[in-house]
Every structure is written in C-alpha cells, then in structure tokens.
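To start, the structure itself, in structure tokens.
Every read-out reported here was derived from the displayed coordinates using simple, explicitly stated rules and does not represent laboratory data. Note that the coordinates shown come from a computational prediction; the quantities given were computed from them, not determined experimentally. Every residue, glycine among them, receives a Cβ derived from its backbone with ideal geometry; neighbour counts consider all protein chains shown.
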Amino acid sequence: MDDNEFQTHSSEALEDLYNRLGRATEEHDFEADFNAGALAIEFEDPPAKFVVSPNAPVKQVWVSAHMKSHKLDWDAGRGAFAAHGQTLVELIAEAVSKQLGTTVRL
C-alpha cells in the first residue's frame, strides 16, 4: 500500500468509527472527539481515555486502550484495519463495552 492509499483507508476508517461512536454516545456515557487526525474516546466513570491514531510511517492504525497498545494493519480481504482477528470497529466496541461494563454495539 502506498502513502496515498494508507491516508485514504485510515481517514475513512477513523471517520466511520467516529460516526459509529457518535451514535453510541446517545445511549451510553462517554464522549468521542475527532481532532487533528486522531480519535479520542473519553469516559468519566470510571475515568479513562482511549486514543486511535494513524501511524503513516508504518502504515498502521494504533489504538491505546486499557493500558494496552494495539497495532492494526490493513486487511484487504476484510476491507478494514485489523489485528488479532478483530477489525478496528470490533476492537473498539469490545474495549468500550469493557470500560462501561455493558455491551456497546458500534
């Protein structure tokens, strides 16, 4: 994948995730902010902040959540960034659900 393809895929993936999170914030207690190419997901109770950001030099999307770092590569077959068998959306849905103690569907 070249730099332009990575930029396109990562921008679309983060925008899609932000839109999904926006819908979920209507039912659950957290906030999502998309600023300067990075996505922040913040929780008040219990307090936490997850960060999702593209890393152009290595063509990955990095996720920091629950004191863990996840590095997702583009999976052309799934049409999504993925790691450990999960897409970006699946990984974030699981992390948000764990943080809130309830199932959150994105």
(request) Provide the FRET efficiency to the nearest 0.05 for the ARG105-ASP2 pair, computing r from the beta carbons and using R0 = 25 Å. (result) 0.15
(request) Could you work out how far helix 3-24 tilts from the main Cα principal axis of the chain, as a 0 to 90 degree angle to the nearest 10? (result) 20 degrees
(request) Pull up the cross-link candidates among the lysines for LYS59, meaning alpha carbon to alpha carbon under 21 Å and not fewer than 8 places away within one chain. (result) LYS68, LYS71
(message) If amide hydrogens are placed 1.01 Å from N in the peptide plane, which non-local residues have theirs closer than 5 Å to the one on PHE81?
(response) ASP75, LEU88
(request) Could you tally the net charge around SER97, taking each other residue with its Cβ under 11 Å from the Cβ of SER97, Lys/Arg +1 and Asp/Glu -1? (result) 0
(request) Throw me the Rg/Rh for the chain, computed over C-alpha atoms with Kirkwood Rh, two decimals. (result) 0.95
(message) Nearest 10 degrees is fine. How inclined is helix 88-100 to the longest principal axis of the chain, computing both from alpha carbons?
(response) 20 degrees
